[in-house]
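A short worksheet on the structure shown next.
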Amino acid sequence: MIKIGDIEIHLINDCRVMVDGGGAFGLVPRILWQRYFKPTDDNMIPMNQTCLFVRANGKNIIVDTGLGTKLNDKVRRIFRIEAEGGLLTGLAKLGVLPEEIDLVIDTHLHSDHAGGNTKFVEGSTDEVEATFPNAEYVVQRREYEDAMQPNERTAATYFPFNYQPLVESGQMRLLDGDEELLPGITGIVTPGHTPAHMSIRFESKGEHAAFLCDLASYAVHFERIAWMTAYDVEPLRTLETKRIWQQWALDNDAIVIFPHDVKRPIGRLTQTERGAIIVEAIDEPYVNE
């Protein structure tokens, strides 16, 4: 557990998948990125699906819900999923029931971050219900609008059954820009990965942290602002947004959390005497390891 003042943050890995290194690193040559992640013979590298369980202000909060449990055999085979439903397993290890979650924050609606929002109704393979029945869900309005009108590039990751029923029932609230969701917990639009992608800032008693989400999928993406994934819809906006958040992290000695890194999911940004910016890993195990 990480403590940011009065805020408790637990890391839960929903599952681990394998993805093509070209997707994870875009235009970065393999000879450079393979220093950080050695690919398999068919160029695959691992990605965790990090979710957060947060206790603050007397509330139980989830940030991102992973791929979830509505996966068919084709998806399991493509992503080489080792396990699934780890978010719920992690909550159980903490003694927390899905019914006890008060707030679910979706940084964005890609299926690997919002798939666990809903689950199949028992005995059904098409009817869904909220995984966290008593929670308010929140996401940016622009993100929802984009997810409901995907194009040829984004259609493979936006699946309405992860979010549309929640909006239609009134359980999901749509945000219009930056908003303090609870005292010390603020959702801030960090565009680039998607136009309305959101990172979550935590501030309490002079301490700071941020779940950067896909602003920096891996720690090295935050060290090297020119490195980004091929999945980013607006890569040059990603670069400039990272520049702002790098400085924020340095100015505030902040802890930063990355959604997909299997080696450094959490760390602190520092600058060497020569000016190099590096993420120093913090040894913080996943709840469900």
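The values are calculated or read from the model by the stated rules, or taken from the named source; none is laboratory data. The shown structure was predicted, so the numbers you read here are calculated from the model rather than taken from an experiment. All Cβ positions, even for glycine, are placed from backbone atoms using ideal geometry, and neighbour counts span all protein chains on display.
Structure values in brief
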| item | result |
| --- | --- |
| Residue match in the range 135-155 (condition: among the acidic types (Asp, Glu), assigned to a strand (DSSP E or B), out of contact with any Cys (no Cβ under 7 Å at 6 or more places or on another chain) and under 20 Å from Thr241 (Cβ atoms)) | no |
| Considering residues of the range 77-92 that are loosely packed, with under 15 Cβ neighbours inside 10 Å and either of a type in the set (D, E, K, R) or closer than 27 Å to Pro183 by Cβ (or both) only, the residue modelled with the lowest pLDDT | Glu82 |
| Conditions (1) closer than 24 Å to Ala135 by Cβ; (2) surrounded by fewer than 18 Cβ atoms within 10 Å (Cβ to Cβ): number failed by Lys74 | (1) |
| Those helices (runs of 4 or more DSSP H) lying entirely in the range 1-108 with at least 2 residues touching a residue at least 60 places away in the same chain (Cβ under 8 Å) | 21-25, 86-93 |
| Matching residues, the range 185-233, being buried (at least 24 other Cβ atoms within 10 Å of the Cβ) and either free of Cβ contacts under 8 Å to residues at least 40 places away in the same chain or among the charged types (D, E, K, R) (or both) | Asp214, Leu215, His221 |
| Where a residue in the range 161-184 is touching a residue at least 60 places away in the same chain (Cβ under 8 Å) and its partner, wherever it lies, is of a type outside the set (A, V, I, L, M) and in a helix (DSSP H, G or I), with Cβ under 6 Å and at least six apart | Asn162/Gly115; Asn162/Asn117 |
| Criterion violated by Ile105 - all others in (1) over 22 Å from Glu289 (Cα atoms); (2) β-branched (Val, Ile, Thr); (3) touching a Pro at 6+ places or on another chain (Cβ under 7 Å) satisfied | (3) |
| Of all residues in the range 114-134 being in a loop (DSSP other than H, G, I, E, B) and not polar (S, T, N, Q), the one that is nearest to Phe79 (Cα to Cα) | Asp126 |
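Residue-by-condition table, conditions (1) in contact with a Pro (Cβ under 9 Å, 6 or more places away or on another chain); (2) in a strand (DSSP E or B); (3) of a type in the set (Val, Ile, Thr):
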{"position": "Val220", "(1), (2), (3)": "no, no, yes"}
{"position": "Trp227", "(1), (2), (3)": "no, no, no"}
{"position": "Ala230", "(1), (2), (3)": "no, no, no"}
{"position": "Thr238", "(1), (2), (3)": "yes, no, yes"}
{"position": "Leu250", "(1), (2), (3)": "no, no, no"}
{"position": "Asp253", "(1), (2), (3)": "no, no, no"}
{"position": "Gly275", "(1), (2), (3)": "no, no, no"}
{"position": "Val279", "(1), (2), (3)": "no, yes, yes"}
{"position": "Glu289", "(1), (2), (3)": "no, no, no"}
